[in-house]
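See below for the structure under consideration.
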Amino acid sequence: EKGGYDYFMLKEIAEQPKAVADTLLGRIDVSGDLTLDEVRISASELREVDKVVIVACGTAFHAGLIAKYAIEHWTRIPCEVELASEFRYRDPILDARSLVIAISQSGETMDTLMALRHAREQGSKVLAICNTNGSTIPRESDAVLYTHAGPEVAVASTKAFLTQLVACYLVALYLGQVRGTKWGDEIRAVIRDLAEISGEVERVLETMEPVRALARSLADKNTVLFLGRHVGYPVALEGALKLKELAYMHAEGFAAGELKHGPIALIEDDLPVVVVVPSPRGRSVLHDKIVSNIQEIRARGARTIVIAEEGDEAVVPYADHLIRIPVTPTLLQPLVATVPLQVFACELATARGNEVDQPRNLAKSVTVE
Ligand code: F6R
């Protein structure tokens with residue numbers, strides 16, 4: 001059932017190109033428009049939405065953090081992302097014009113379920129993004145957009161995360177399409193790029209051997225830090241979460257701009273720091289800033305593990321280890337940048353003799369608060 005792989009996690013990482021393609025299947029029509037018929041919230045209701053609130057836990061929360069950039073950019077609707085476990089306890093401001101998106105692989109996460117119940121009590125519409133047909137969260141929501149990752153067995157979420165991202169992009173683009181924002185041309189271009197992304201994920205998977213070797217060489221480290229900016233920041237958080245749960249190592253993700261506000265004090269000789277570098281095209285300011293961040297930490301002894309686009313030469317002098325990812329539109333980069341981090345964590349877990357599919361103290365679906 002592991003299809004020749006040692007662990008379900010390896011199988012599920014390898015299935016990501018298909019999972020991504022399956023989640024797009026039937027949702028882009030011949031003219032390149034999105035058809036999300038299954039989202040049973042009418043176009044007129046979606047045009048009325050004045051706020052999007054995303055609730056989720058763990059890895060699904062990281063997908064939500066990335067979705068915020070896409071939703072705000074393509075639709076200009078303000079978007080908040082909140083840990084489901086915090087959400088209802090702070091008396092959030094919600095009404096009939098708020099669209100609440102609950103993201104959950106299992107569809108059974110109690111915190112997320114309680115958050116969406118709270119939202120519906122306030123009269124908000126709830127759209128579930130879920131991987132499990134007929135589970136509780138979609139059943140209790142107004143609408144559902146299923147991710148088509150197939151069953152995810154390993155406790156650590158991989159293919160479900162990538163498909164959650166795809167579903168979030170689809171919702172963001174669909175909202176943009178329905179509301180006719182000024183980004184119409186960009187939206188069409190991104191839909192075309194999304195249709196190609198499964199092949200890019202495949203290409204990343206083909207180049208993972210050096211990442212595995214690097215992970216093995218770090219097996220006796222205690223700490224790994226992760227830095228990112230913009231959508232690379234949630235990717236850094238996700239890389240750190242994977243490492244905690246699988247390798248039981250101290251791992252933290254930071255927004256690179258926060259370094260000098262505290263975390264840079266952690267940098268010491270030979271400390272591995274993974275940096276997710278935004279594309280040098282487009283918003284090049286971000287890119288320049290992160291290149292200086294890499295220089296700063298390296299000058300203080302960090303061992304820099306740099307994840308950067310093919311053709312990005314500016315990072316080369318400062319990268320102790322360079323992991324290349326394909327060129328993608330800025331907002332879609334998490335789909336390719338997360339993959340090496342999953343492989344990295346999985347290999348480190350193996351090298352440290354940990355149980356990959358069933359990390360200690362964790363359950364696949366958390367049905368208690
Ligand atoms: C991390 C992981 C967890 C889940 C979280 C939410 O690898 O698997 O952080 O993402 O428990 O679970 P779902 O998506 O089922 O609501």
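The values are calculated or read from the model by the stated rules, or taken from the named source; none is laboratory data. Everything numeric here is computed off the predicted structure, so don't read it as measured data. Backbone-built Cβ (ideal geometry, glycine too); neighbour counts: all protein chains shown.
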Residue within segment 94-117 that is more than 9 Å from the ligand (Cβ to nearest atom), of a type outside the set (S, T, N, Q) and at positive phi present: no
Any hit, segment 268-289, residues being in contact with a His (Cβ under 6 Å, 6 or more places away or on another chain) and either within 16 Å of the ligand (Cβ to nearest atom) or not hydrophobic (A, V, I, L, M, F, W, C) (or both): yes
Selected residue (criterion: nearest to the ligand (Cβ to nearest atom)) from residues of segment 160-196 that are among the charged types (D, E, K, R) and under 20 Å from Val39 (Cα atoms): Arg179
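Yes/no per residue for (1) within 17 Å of Val315 (Cβ to Cβ); (2) surrounded by fewer than 21 Cβ atoms within 10 Å (Cβ to Cβ):
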{"position": "Pro210", "(1), (2)": "yes, yes"}
{"position": "Asn222", "(1), (2)": "no, yes"}
{"position": "Tyr248", "(1), (2)": "no, yes"}
{"position": "Ala256", "(1), (2)": "yes, no"}
{"position": "Leu266", "(1), (2)": "no, yes"}
Options Leu46, Leu25: the member that is farther than 22 Å from Gly180 by Cα, at pLDDT below 95 and of a type outside the set (Ser, Thr, Tyr): Leu25
Of all residues making up segment 224-245, the number that are under 23 Å from Pro329 (Cβ atoms), within 16 Å of the ligand (Cβ to nearest atom) and either among the hydroxyl-bearing types (Ser, Thr, Tyr) or surrounded by fewer than 23 Cβ atoms within 10 Å (Cβ to Cβ) (or both): 1
Within segment 2-60, considering residues that are over 27 Å from Glu80 (Cα atoms) and among the basic types (Lys, Arg), the one nearest to the ligand (Cβ to nearest atom): Lys11
Members of segment 99-134 that are surrounded by fewer than 21 Cβ atoms within 10 Å (Cβ to Cβ) and more than 20 Å from the chain's Cα centre (by Cα): Met110, Met114, Arg117, His118, Arg120, Glu121, Gln122, Gly123, Asn133, Gly134
Filtered residue count, segment 345-356, keeping only those that are surrounded by fewer than 20 Cβ atoms within 10 Å (Cβ to Cβ) and of a type in the set (Asp, Glu): 1
Complete set of residues in segment 184-224 that are under 22 Å from the mean Cα position of the chain (by Cα) and of a type in the set (Asp, Glu): Glu186, Asp193, Glu196, Glu200, Glu202, Glu206
Top-ranked residue of segment 269-301 - restricted to ones that are of a type in the set (Lys, Arg) and not in a loop (DSSP other than H, G, I, E, B), ranked as nearest to Leu322 (Cα to Cα): Arg298
Some residue of segment 319-332 being under 29 Å from Tyr169 (Cα atoms) and within 16 Å of the ligand (Cβ to nearest atom): no
Total residues in segment 320-344, condition of a type outside the set (S, T, N, Q), touching a strand residue (DSSP E or B) at 6+ places or on another chain (Cβ under 9 Å) and either within 17 Å of Ala195 (Cα to Cα) or surrounded by 23 or more Cβ atoms within 10 Å (Cβ to Cβ) (or both): 11
Odd one out for His321 among (1) in contact with an Asp or Glu (Cβ under 9 Å, 6 or more places away or on another chain); (2) in contact (Cβ under 8 Å) with a residue 40 or more places away in the chain: (1)
Which numbered condition Gln358 fails, given (1) of a type in the set (S, T, N, Q); (2) assigned to a helix (DSSP H, G or I); (3) modelled with pLDDT under 95: (2)
Qualifying position, being within 26 Å of His230 (Cα to Cα) and in contact with a Lys or Arg (Cβ under 8 Å, 6 or more places away or on another chain), among Val100, Val155: Val100
Arg298 modelled with pLDDT of 95 or more, over 24 Å from Thr207 (Cα atoms), surrounded by 17 or more Cβ atoms within 10 Å (Cβ to Cβ) and over 18 Å from the mean Cα position of the chain (by Cα): yes
